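Before any comments, here is the structure.
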Amino acid sequence: MKKILFPCLFLLCGTLFAQNYYEIPYVGKSSKLTKLTLEEENKFVKENSIKRIYEVPKLEEKDHYGFFTEEEDSVLWNHDIYAELMGCYREDIPDETGNFVLSVYRIMYDFKTTTNLNLNENDKTERKCLGQILYVPSNGKFIQYDKLIYFSDVRFKGLQSTIGVEANNYQFRICGENVFVFKTKLWITHSTHGLDEETMTYEMDRQSENLIFRMGINNLIDKTPVCEVKVDYPLIDSNNPFKYSIQNAFDGDPSTSYVEDSENDLFEINIDFKNYSSIHKNEIIDEIQLINGYASNKELYLLNNRINAIQYDWKNETTPILFHCKDNELTFQKISHFNSNPGWLWFEITAVYQGSKYSDTSLSELDIKFRKSGWLFGGN
């Protein structure tokens, strides 16, 4: 059942997705994930100065939040951490023809204790918390690509009580000479306000943050921000929290899908180029194409909701244009009424074709065609 009726149940689901999906990082469906053998891991640790176990010291009488590699000495996040290396994974990423041409290494850490998360200083409670550092090869060396807290079960205490779960993921897609990186962050918080049962109120918040970057296949150090995508919160699978998130609509694989978890089974997508991309903010959009529904196969397509009507706009002063999607169409459909500069794009799903079993509304693919540079993700 998609809809969660009570905040406590919803929070429980959030905690479960953080803790059940604990050891293996999520990657794109087309990528191949392999855990390094002990021999390979020892070699990787030695060559790249990765510590197996370390504790972050205090510097200048102040808390030093985060953890770092011996090589770089750089802060990861705002946690005081005692971390243990859990394992190294190699993610092989294919190009558009299916050949594996890029490897990314995900180094997973188990954060044994966190002693500074707005908690009491003496609180030594062990929490489920997983971290990773991503490495990509460049000129025969490994460089630290990005750093993040992967999962955490965080409790804040003060005038109010808040408990939350956060999950971050990077997914890669190769299009010609470009590597696109989709950063997806999901988080859930649940706050309790009041001093007693009579005054107690509850507040829940679900948010997502989605950024798209681009790098050259031969220059993986310099990443260019392309756009930010704002969209309604996705359906959460407790064993795979990114299974239905928005990066699936840009991954070039129609068998994966963004699936909403809104109250009315409708959703909006806002794509901001103006504040992120120096390349596309002055371009002209000619058309957009999409694959409707959960297009992995015809059975899943019919079981779930499909998009019927979309309102779209690209300027505040324009009147939104209505587009009706064809049903029983599992290939690309094109929207051609643009011819405009894409400072931002706004889509609102206003009507759906009802699924035979589920009320989840799905979108498998979305791509944008620019007049000069062509399709953003390769097109069709």
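The values are calculated or read from the model by the stated rules, or taken from the named source; none is laboratory data. Bear in mind that the values here come from a model prediction, so they are computed numbers and not experimental data. Note that each Cβ is placed from the backbone with ideal geometry, even for glycine, and that neighbours are counted across all protein chains shown. Only protein heavy atoms, including side chains, enter the accessible area calculation; ligands, DNA and RNA are left aside. Shrake-Rupley method; radii C 1.70, N 1.55, O 1.52, S 1.80 Å.
Things worth noting here:
- Pairwise FRET efficiency - residue 191 versus residue 298, Cβ, R0 = 45 Å, nearest 0.05: 0.55
- Label-to-label distance, residue 40 versus residue 319, with points set 7 angstrom from Cα along the beta-carbon direction: 6.0 nm.
- Amide N of the stretch 259-287 lying under 18 Å from the label point, which is placed 7 angstrom from the Cα of residue 351 along Cα→Cβ: 264-268
- Subtracting the Cα-Cα distance of residue 333 and residue 219 from their residue separation scaled by 0.36 nm leaves 37.7 nm.
- Rounded percent of accessible protein surface that carbon and sulfur make up, the stretch 179-336, 1.4 Å probe: 45
- Take the Cα of residue 275, go 7 Å toward its beta carbon, and the backbone nitrogen atoms of the stretch 202-243 under 13 Å from that spot belong to 209-211, 227-231.
- Ranked order, 105, 233 - accessible area, probe 1.4 Å, largest first: 105, 233
- Full-extension gain in nm, residue 209 to residue 240, via 0.36 nm per residue minus C-alpha separation: 9.4 nm
- Ligands, DNA and RNA aside, residue 272 has an accessible area near 30 Å² when probed at 1.4 Å.
- Across the cross-link table entries 230/281; 46/185; 32/183; 185/357, which are compared at the Cα atoms, the separations over 22 Å belong to 46/185; 185/357.
- Probe 1.4 Å - accessible area at residue 337, Å² to nearest ten: 120
- Per residue, the accessible area of the stretch 301-362 comes to 49 Å² when a 1.4 Å probe rolls over the protein heavy atoms.
- In plain terms, the chain from residue 85 to residue 340 could stretch by 86.8 nm, reckoned as 0.36 nm per residue minus the Cα-Cα distance.
- The 1.4 Å probe gives accessible areas that order 274, 46, 298, largest first, as 46, 274, 298.
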